[in-house]
Amino acid sequence: MEELLQSFIGESWLLYVILAVPPLVFILLYALVTVWTEMKVSAHMQDRVAYMYTGPHGLFQPVADILKLLQKEDTIPAAADKTLFRLAPFLVFTGTYAGFAALPFSSAYIGSNINLGVFYIVAVSSIVVVGLLMAGWASNNKWSLFGAMRSAAQVISYEIPTALALLIAVMITGSLNLQEVIRFQDGGIFNWVVFGGPFPLLQKLLLLPFTFIAFLILFVAGIAEVNRTPFDLPEAESELVQGYNTEYSGMKFAIFYLAEYANMYLVSAIAACVFLGGWSSPFGDFMSGPLWGVFWIVLKGFFFVFLQIWIRWTLPRLRVDQLMYTSWKVLTPFLFVCVFAVGLILVL
Amino acid sequence: MIDSKTLPTNYVTKPEKRATSTGRSLRTDEMIINMGPQHPSTHGVLRLEIVVDGEIVVDVIPHIGYLHRCFEKHAEHMTNYQQVIPYADRMDYLSSMSNDWAYALTVERLLKLEVPQRVEYIRVIMAELQRIASHLIAVGTYAIDMGAFTPFLWCFRDRERILDLFEMTCGARLLYNYIWVGGVSHDLPAGFVEKAKDFCKDFRTTLKEVHDVLTYNEIFVKRTANVGVLPKDVAVNYSCSGPMLRGSGVDWDLRRDDPYGVYGKFEWGVQIGKGTKGTVGDCWDRYMVRMNEMEESTKIVEQAIAWLPEGNVQSAIPKRIRPEAGEMYARTESPRGELGFYVISDGTASPYRVKGRAPAFVNLSVLPEISKGAMIADLVAIVGSVDIVLGEVDR
Amino acid sequence: MTAQEIHDSLKAKFEGAVVEAKLDAPQPWIRIDEHRIRDVCRFLCDEPGFEFDYLMCLSGVDYNDGNLGVVYHLSSMPQKHKIVLKVRCTKEDPHVQSVASVWGTANWHEREAYDMFGIVFDEHPDLRRILCGDDYPGHPLRKDFKVPEFYNGMKVPY
């Protein structure tokens, strides 16, 4: 798509603006759908019906919510650090949005086809932490500060398992470019990294337990990185009121939420790209192609988003020390073993 | 850079030097935080002034009184003993029936009055349904405190059915004014018995669901077991009562040990904490005592419905009661524990002094004792497991 | 143990501490000297045979004859008996010994009695108002309490 556009408008800034638009549109649409889905899924789990009046089955409720949020008063606490307070939500969103740049949507479209794609996403999504810390500090509210400290500790701790799990996929596929990683897995469900990748049967069977564990850990760490139950400590409602976004209202609050939902998809899509073949069809050549690619990756991403929603409305929340314990003493050692084993299997 | 202006003013309480691993000293401070009066997990307007060292709670100072409505002063100014009952309703607004009964029982004992058998049975049915409703809220909100939202709504779904039963009996859903001195205000309506039976049958399924999704959930167990351990002797010394006391392994239930009503006729068991998942007296034990008590209450309701006698629902007493001068303290087992009223009569139609001995008030006073050294998340777990209702704490 | 037995042993043990008693009331009570209540309570709490380990209720009372009183409702879990203790003090000098060191629960109950009646509990660990605001004028449950016309500049009743 990049080449196609280049042939029309040449090498100019306009090209990059146009290339940047689809992820943004996608995030906005996706957030609308997910807000509605989350409400509906949680409601049905809880014997309720949720929105029913705004459109059929409350379909237009997210739109109404946005209209409400736009009209809400945008309050800033008097004692807050106003500059940082205003900047924080946008920084959080920027971090997430920047991650979308290297996320492939189909074999033909990726925001920026860089060779260090996986590495780039892991690195750039850390900006989110800066935003959260900024929000917590600038609010000048002790609960917010707690939330910010927790989120910083948490996101950084869980970057390690995430990076290690991605490393396993990278070791198998031999590339950091997400398009390459996906192409490597093309050709049906059994070529996916989670099932051992496109290797001879014996090697595949040897790899399978390790890749599967790595995949599960990546998913768990992903939930922790987006701060959702059971890892929603930074905004633990019953403990820290709302954590770092306690003092936010109106559109700034909405942007935090938008960033959270976008992040949900980001981690889901990365997991889908490196372990589940991204945009490649599970049926080999059947239903494959650039447009089907969009369908498949969004489907896979949504499946994991749905799983996250499901988990959120089922499990209680961990405590801070248990959260750290999970990351440093359970997930990380497991992954070291996996990395070592996968390396060994690949060499042999 | 952020200048010092933006630092919260009372940030620094106790400067303290601490050695770090690099050998250089790093100054760390304790921080005072107000948890409440507006905080999601203080279950009302409780304010906890907590001193924290990072995430660790160094000290807790509860401040109460934000919901003080002068119950005792009001009661003294009533012109009739019956008029106090609506006020008693509002003490513990999640278990009004039990409050009514406790007050009515005190005045009846002051009057040396026997109520008809049917009234006793109706009161038992109401109080036990109320106990289930109240424990459902306790368990549901506890789930929310732990971050699990779904069990909360399941609990509320079933509580709603109990409230429907109360509504068809006396028209109110929260503050009933149903149990009066000398009887109850109305007889049970047609269809009540069937609906209550249906409820008891279905309710066990809910209990099982909550057990499945919450009680034995590994995260929930990790969060509550060995947290906020209340030893037996401390519990007794602080006069804790109800699930709080039984959770600490003390086999004490006023329904059995200081009998009132017709509880002696039913078959049921007192539930105590056994330390299944941790230490005896931890949050999980208190939670589990509540869960088990709901099951026992269901048994009592079923038996009481089956044996419900016919008869009057009001004994013949004058409209304006004038007990002879004297005093009486009577206690009952409300969902939260020992609910007692101390009533002094001077022979006139209005009580001379009414003191409500609120279980939540007493149970809350042990909080600083058991929450020192816990983490903030544990503090939330402990406050939730005490199951306070601020209406009762502040009266 | 009956109230009579408790009364007799208290009389024997603490000379002059038992001021008055009414043992034929529905709930028999014994009035103790307000400056010796703690020793009596300590004895009742710890002594085998009595073991009043559970303070059910502690209430302040205004008797409207210039006297304030505190009523202790004790019960024993192992012995399953109950007794009511009372103390009296004058409104001019409302000092009573605190029993918070005997039963932890007395702490808050005594604070409440202090708040509502102005009874000062000597040697209480933390005698502050508990239900009313710190700046509230007077002690509302006293029979001679008048609602102030203004509270912090707000008109009462509004």
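The values are calculated or read from the model by the stated rules, or taken from the named source; none is laboratory data. Just so it is clear, the structure is predicted and the values come from calculations on it, not from any experiment. Positions of Cβ are backbone-derived with ideal geometry, glycine not excepted, and every protein chain shown enters the neighbour counts.
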Which numbered condition B:Arg90 misses (of (1) touching a residue at least 60 places away in the same chain (Cβ under 8 Å); (2) of a type in the set (Lys, Arg); (3) within 14 Å of chain A (Cβ to nearest Cβ)): (3)
Residue that is assigned to a helix (DSSP H, G or I), modelled with pLDDT under 90, touching a Phe, Trp or Tyr at 6+ places or on another chain (Cβ under 6 Å) and surrounded by 18 or more Cβ atoms within 10 Å (Cβ to Cβ), where the choices are B:Ala88, B:Ala102: B:Ala88
Test: residue in segment A:105-116 that is within 23 Å of A:Val181 (Cβ to Cβ), under 14 Å from the mean Cα position of the chain (by Cα) and surrounded by fewer than 20 Cβ atoms within 10 Å (Cβ to Cβ): no
Set A:Ile160, A:Ile156, A:Ile172, A:Ile121: member being within 19 Å of A:Gly196 (Cα to Cα) and not in a loop (DSSP other than H, G, I, E, B): A:Ile172
Single unsatisfied condition, B:Thr141 versus (1) β-branched (Val, Ile, Thr); (2) in contact with a Gly (Cβ under 8 Å, 6 or more places away or on another chain); (3) assigned by TED's automatic domain parsing to the domain that holds B:Phe199; (4) buried (at least 23 other Cβ atoms within 10 Å of the Cβ): (4)
Test for B:Glu55: is it farther than 30 Å from C:Cys132 by Cβ, of a type in the set (Asp, Glu) and not assigned by TED's automatic domain parsing to the domain that holds B:Ile179: yes
Test: A:Gly243 is more than 14 Å from chain B (Cβ to nearest Cβ) and either on the phi > 0 side of the Ramachandran plot or free of Cβ contacts under 8 Å to residues at least 60 places away in the same chain (or both): no
Filtered residue count, segment A:225-267, keeping only those that are at pLDDT 80 or above, assigned to a helix (DSSP H, G or I) and farther than 19 Å from A:Phe303 by Cβ: 12
Failed condition for A:Thr211, given (1) within 30 Å of A:Gln322 (Cα to Cα); (2) surrounded by fewer than 17 Cβ atoms within 10 Å (Cβ to Cβ); (3) among the β-branched types (Val, Ile, Thr): (2)
Test: residue in segment A:62-76 that is within 14 Å of another protein chain (Cβ to nearest Cβ) and either at pLDDT 85 or above or surrounded by 11 or more Cβ atoms within 10 Å (Cβ to Cβ) (or both): yes
Only listed residue being more than 18 Å from A:Thr94 (Cα to Cα) and assigned to a helix (DSSP H, G or I), chosen from A:Gly284, A:Gly293: A:Gly293
Index of the failed condition, B:Thr42 passing every other in (1) touching a residue at least 40 places away in the same chain (Cβ under 8 Å); (2) buried (at least 18 other Cβ atoms within 10 Å of the Cβ); (3) out of contact with any Ser or Thr (no Cβ under 9 Å at 6 or more places or on another chain); (4) assigned by TED's automatic domain parsing to the domain that holds B:Tyr178: (4)
Qualifying residue in segment A:206-218 (condition: in contact with a helix residue (DSSP H, G or I) (Cβ under 9 Å, 6 or more places away or on another chain), within 14 Å of another protein chain (Cβ to nearest Cβ) and among the hydrophobic types (A, V, I, L, M, F, W, C)): no
Test result for A:Tyr257, within 28 Å of A:Ala101 (Cα to Cα), surrounded by fewer than 19 Cβ atoms within 10 Å (Cβ to Cβ) and either in contact with a Leu (Cβ under 9 Å, 6 or more places away or on another chain) or away from chain B (no Cβ under 11 Å) (or both): yes
Filter result (out of contact with any strand residue (DSSP E or B) (no Cβ under 9 Å at 6 or more places or on another chain), more than 13 Å from chain C (Cβ to nearest Cβ) and in a helix (DSSP H, G or I)) within segment B:228-260: B:Gly247
Breaking point among (1) under 18 Å from A:Thr94 (Cα atoms); (2) within 14 Å of chain B (Cβ to nearest Cβ); (3) polar (S, T, N, Q), for A:Ser125: (2)
One residue from A:Leu276, A:Leu266, A:Leu335, A:Leu318 being crowded, with 21+ Cβ neighbours inside 10 Å and within 14 Å of chain B (Cβ to nearest Cβ): A:Leu318
Selection status of B:Arg69, of a type in the set (Lys, Arg), within 19 Å of the chain's Cα centre (by Cα) and within 14 Å of chain C (Cβ to nearest Cβ): yes
